[in-house]
Amino acid sequence: MLVIKDLKASIGGKNILKGISLTVKPGEIHAIMGPNGSGKSTLAAVLAGRELGEVTGGTVTYYGKNLLEMAAEDRAKDGIFLGFQYPIEIPGVSMVNFMKTAVNEQRKYRGLEPLSASDFLKLMREKKEMVEIDSKLANRSVNEGFSGGEKKKNEIFQMAMLDPKLAILDETDSGLDIDALRIVANGVNKIKRPDNSFIVITHYQRLLDYIVPDVVHVLYDGRIVKTAGKELALELEEKGYDWIKKEVENSIMV
Amino acid sequence: MNGISEVTSRYLYLYKENIDRISGMSSPYINSFRKGAFERFSAMGIPTKKDEAYKYTNLNIFFDHDYKSYFIPETADFIKAEEFRCDIADLDTLGIVLLNGFYPTINGKLHQLSNGVWIGSLNEAALKFPELIEKHYGKYANSDTDGLVHLNTAMAHDGVFVYVPDGVKLSKPVQVVNLVQSDEDMFSQHRNLIIVEKNAEFSMIICDHALSPNKFLTNAVTEAYVGENAHFDLIRVQNEHNAACKITHTFIHQEKNSVTSSNNMTLHGGLIRNSTYHHLGGEGAETSSYGLFLADKFQHIDNYVSVDHASPKCTSNQLFKGVLDEMATGTFNGRILVRPDAQGTMAYQRNNNILLTDDAKMDTKPQLEIYADDVKCSHGATIGQLDENAMFYLQSRGINKREARLMLMFGFAHEVIQNIKIEPLRERMDNLVMQRLRGELSRCASCMVKCG
Amino acid sequence: MEKDQDKILNDVTSGEYKYGFHSDIETERIQKGLSEDVVRIISAKKNEPEWLLEFRLKSYRHWLTMKMPSWPNLKIPQINYQEIIFYAAPVQRPALNSLDDIDPELKRTFDKLGIPLGEQKHLAGVAVDAVMDSVSVKTTFRETLAEMGIIFCSFSEAVREYPELVRRYMGTVVPYTDNFFASLNSAVFSDGSFCYIPKGVRCPMELSTYFRINAANTGQFERTLLVADEESYVSYLEGCTAPQRDENQLHAAIVEIIAEKNAEVKYSTVQNWYPGDKDGKGGIFNFVTKRGICKGENSRISWTQIETGSAITWKYPSCILRGDNSTGEFYSVAVTNNHQQADTGTKMIHIGKNTKSTIVSKGISAGKGQNSYRGLVKVLKNASNARNYSQCDSLLLGDKCGAHTFPYLEVDNQTAIVEHEATTSKIGEDQIFYCNQRGISTEDAIGLIVNGYAREVINKLPMEFAVEAQKLLQISLEGSVG
């Protein structure tokens, strides 16, 4: 469903992604790990269409379409969901209005009638229960005054509402206590189906105890330097990133 | 300033020409203010950009003009005015219509409700309740910085009078519909006096509308006295056309433990200046001053707010937000004054503005003047565009750019609107603002006779 | 506890001004009062060229048409300009070739102020131009600097030696018509410092001017001109003190800075003019116009000021951000104690594209002091992507003082982001108690808190002066908290 080939991107003239290739098939969970500053969040932003910097090379194909040419909202309507590392507070915009607009835009894109108010509220209720979020959160303005954990849970709730084909979770685990982490992970596991995929970006292995990846990639200095099964995550947890850095540097030396 | 400007002399002349006629129609007590006020106005003149309080507002466009009609209520029109009804669904109010600053003559000019509340014409009340008028009239409306307040005192003689006795809680808001209508360009000045006695509760909505396309200039003063432990909410909805200029001066005096709010919702108008003065005159008083303005074309919206913490342990909160489109310009001038003995003051002020085009302009001047030490005061002001991160957040959820912009603007505005306590009005405002933001005609259809 | 605080407050407020001595130096003065003749006399005393005399006369005539500004939030007593002596200079031998030629009393004075004029005893890496009353008495390290092409000398000398540079830049940032005090200064300025950093040179040491008012009944009107040519860098510091006298003395200075392409100028001030006694008697009226222009792209001007002295301060170090991508900064701590009044702040005028400005102002009011921040951020129509952030905090110590904030934000460009925040509060009793509970005395606690509050600004000072500034803060505030 998603094929990334030799993707390069720079921000403010500085090369951040230096040639990334990655293929995600339906039903797969990919974990992307790596030290701070390796380009993980930039990759997520580029895939979601955030105009932060410039894509300087490579291609991204999503169900045969050139993803890089699509506007952010069209990507979203086409089933790409980005779980933000730092969800944005939007005072004055209610969660209900926000989600209703998003859901109906998606339906319109897919040629469906907008949901009636009562169907929509029913959907909200269902999904709230599914991801175990406090129903009061949904009555407030988007993320306004939410705690860090509440914001992350709200991301998972939105993911459930929008039912994406490809969800990219950008360090969704950062700043979560163990209970919140469990709720987030359970949410993901409930949404998971054979026909949708996840890219889980994380710094720590911890989240992967709950969301079991099919493939683990290590991103370092703008490149994927190692790809292996879920055991790689454990190895990283144990040994840290330094051995990878050394391996990479050695290979450059050679 | 050297000598009297040409614009000012127009109004000096106007006074001299009409003062006998005006006095002839008014109560002696109201008349007793005229000469002094006229002298102060003569000394101060029509404000110019050289006056700090009008630094960014040019009044001459409206003041330097030959208005044809001034002070004469035309009885024929009153019938029309009486027929005017505001039809916001579920908004149950006690309606009053002022036409060109005058209270309608038909059906009597002063009513008493069963709970003892008096509503009616100020001019009539001044004759009927001289002791009340003497206690309150002219006591709160004063300004060292604005000659227009004195111009009003010198010449105004009618407007709305409301008296809410001790402990009476009026469940319905009073809605004053200020209509201006004339076949000729018109200048009018009215004067409202609101007395909310102790433990009473009262809210008032003032809707401004222009019913004919002429050039209108209105210079209105409202004085409100809010007694101990009383509650008073004032909401202004301004929806006039681009040839209308509205200058309002609102003075709210508060006694101990009283709670008030003021909310200026400006949707349309050529030039609008709202000056709101909050005088916290008793310990523990609280006030909130809100404002929202949406402007486009060549409109100019100026909000001036002064909160005077004259007593200890008072709380004030200001929130003013503006969205400026096309060539519109906006000004915010907010002042918090904490007097030496006003210990335990909490005062906050925020002004956020969004410029939508390169030709829009915003000048803001939030000010703190603090003479006591046990205070918590802060202010913040921003001028900018919609938050790019928020835009992307919405877009990443599949919401298109146009809709995302609208939602953010609406959210921006809603932060002010949500403070309106009267639900049907709040919903109506949300609605109107959404329509206005969508570029659809946002004339208060319900509140308007078809005025084009 | 309340009582203790009051007592400490009192003790501290009565902290003595330690630079209040007066030196007995033979001084040459001209008659008091101001007239065209006086302007001519000053110019003649300095052997000035005709063009400069013309400039002075033009300024003087313009000044006559002006009025004292009434907009500041200050109570300024009537100043009688006919009672002021506009030129006073320590008598010196004509040629000043070595340190030995300086009047020993003069040297002692500067030693006492902690400003050694001898290079062997120099403050680590600081070149000093010492100005007493109307003239510069000694500039150190000139030769070392000259090797790099840096010109650092008194203003009068610059007029003689580098007239073309002076003519090219003087009055271009602060025109003689700018304001009442700038016009006055342009008419009667006596001396000051001149500094030129050539292309591509990073000035290796701090340059500094030390201003001292000594003579009685005089005004001080110095003028500083600082030009940083392309790709250059300089950090400049000025300090000021004056004797303790019962009458007010006027100080009306001008500082002009020009930063060309890619140049960076840091200008720091530690202003400690005599503030008057605790009843408000005496003290300096400090009415100063300071302005810099970021003329070239990517240039940067940064003002840092620690204002603890003067009876009245009226001062707005400003930046005109004309070059694209240029940056202006203003960091200020202003203390008003006893009867001191300050109306100070900055103007950031965004003209070029992508220009940035930062304003951090920390006001501290104690005693009966009145402290106002007044600032303008103006974004012109073509200044796309301008950014400003302003933070203006006020701290109140005691219930007789005042803290005021008057920001003006004028934005005429849609792409601008301008943010202003301000808070006003007193030192929390809970903060003091927390310190007390950890064994810190109330006085020390206040010192700690105030220094913490001002740290953001003090950190911007060159190291040697940061320590000095910190001490100064403590002295000017000691015991002023209730």
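The values are calculated or read from the model by the stated rules, or taken from the named source; none is laboratory data. As the structure is a prediction and not an experimental result, all values here were calculated from the model. Neighbour counts are summed over all protein chains in view; Cβ atoms, including those assigned to glycine, are modelled from backbone coordinates with ideal geometry. With ligands, DNA and RNA removed, areas are computed over all heavy atoms of the protein, side chains included. Shrake-Rupley method; radii C 1.70, N 1.55, O 1.52, S 1.80 Å.
Observations, loosely collected:
- Accessible area (Å², per residue) of the protein assembly as shown, counting only protein heavy atoms and a probe of 1.4 Å: 38
- When each of A:LYS65/A:LYS165; A:LYS5/A:LYS246; A:LYS165/B:LYS401; A:LYS136/B:LYS401 is checked by Cα-Cα distance, pairs over 19 Å: A:LYS5/A:LYS246; A:LYS165/B:LYS401; A:LYS136/B:LYS401
- With θ taken as phi - 60° and the Karplus curve 6.51 cos²θ - 1.76 cosθ + 1.60 applied, the whole-hertz 3J(HN,Hα) list for the range C:279-296 is 9, x, 8, x, x, 8, 8, 10, 10, 10, 10, 10, 8, x, 10, 8, 7, x Hz, x standing for glycine and proline.
- Shown for the range C:369-394: residues covered by the partner protein chains by 10 Å² or more of accessible area relative to the chain by itself (probe radius 1.4 Å), namely C:GLN370, C:LYS381.
- Debye intensity ratio I(q)/I(0), log10, the range B:322-411, q values 0.17 Å⁻¹ (C-alpha model): -0.79
- Spin-label model, B:GLU6/A:ASN186: points 7 Å from Cα along the beta carbon direction are separated by 7.9 nm.
- Selection from A:SER94, C:TYR316, C:MET205, by position along the positive dipole direction of the protein assembly as shown (Cβ): A:SER94
- Against chain A, whose longest principal axis comes from its Cα atoms, helix A:148-162 is set at around 70 degrees.
- Summing Cβ point charges (Lys, Arg +1; Asp, Glu -1) relative to the Cα centre of the range C:32-426 gives a dipole of roughly 740 debye.
- Per-residue HN-Hα couplings for the range A:116-121 [Karplus 6.51, -1.76, 1.60; θ = phi - 60°; Hz; x = Gly/Pro]: 6, 4, 6, 5, 5, 5
- Shown in residue order for the range C:337-354 are the 3J(HN,Hα) couplings computed by the Karplus curve 6.51 cos²θ - 1.76 cosθ + 1.60 at θ = phi - 60°: 10, 6, 9, 5, 10, 9, 10, 9, x, 7, 10, 10, 10, 8, 10, x, 7, 6 Hz (x for Gly and Pro).
- Cα centroid separation, the range B:140-176 to the range B:113-127: 13 Å.
- The magnitude of the dipole of the range B:6-386, with charges of +1 and -1 set on the Cβ of Lys/Arg and Asp/Glu and taken from the Cα centre, is near 420 debye.
- On association of chains A and B, roughly 2100 Å² of accessible area becomes buried (total for both chains; probe 1.4 Å).
- By the Cα gyration tensor, the range B:6-386 has an equivalent ellipsoid whose semi-axes, rounded to whole angstrom, run 29, 26, 21 from largest to smallest.
- Amide H partners (placed H, <5 Å) of A:ILE20, local residues excluded: A:ASP6, A:LEU7, A:LYS8
- Around the amide H of C:LEU376, modelled in the peptide plane, lie the amide H atoms of C:THR346, C:LYS347, C:MET348, C:TYR408, all under 5 Å away and 5 or more residues distant in sequence or on another chain.
- Note: relative contact order over chain A, using C-alpha pairs below 8 Å and six or more positions apart, is 28 percent.
- Placing R0 at 60 angstrom, the Cβ-Cβ distance between A:SER118 and A:ARG206 gives a FRET efficiency of 0.90 after rounding to 0.05.
- When the Cα gyration tensor is reduced to axis lengths a ≥ b ≥ c, the ratio a/c is 1.5 or higher for the protein assembly as shown, and with a/b not above b/c it is classed as oblate.
- For chain B, the longest site-free run once trypsin sites (Lys or Arg not before Pro) in DSSP loop states with at most 14 other Cβ atoms within 10 Å are removed: B:140-296
- Calculated FRET efficiency for the pair B:ARG438/A:ASP163, C-beta based, R₀ 35 Å, to 0.05: 0.75
- Pairwise label distance in nanometres, A:GLU237 with B:GLU134, each label 7 Å out on the Cα-Cβ vector: 8.7
- Comparing Cα centroids, the range C:32-47 and the range B:382-440 end up 66 angstrom apart.
- Fraction of accessible area attributable to carbon and sulfur, the protein assembly as shown (%, probe 1.4 Å): 48
- Amide H contacts of B:ALA243 (H built 1.01 Å from N, under 5 Å, at least 5 apart or other chain): B:GLY270
- With the simple model of a label 7 Å out from the Cα in the direction of the Cβ, A:SER21 to B:LYS49 spans 6.4 nm.
- Protein heavy-atom accessible area occluded, C/B pair - total, 1.4 Å probe, Å²: 2700
- The range C:32-426: relative contact order in percent, alpha carbon pairs under 8 Å with at least 6 residues between: 10
- A:GLU129-A:GLU51 FRET efficiency (beta carbon distance; Förster radius 35 Å; 0.05 resolution): 0.45
- Per residue, the average separation of C-alpha pairs within less than 8 Å and at least 6 apart gives the range B:6-386 a relative contact order of 10 percent.
- Over chain B: helical MRE at 222 nm, DSSP H runs n ≥ 4 each giving -39500 (n - 2.57), nearest 500: -7000 deg cm²/dmol
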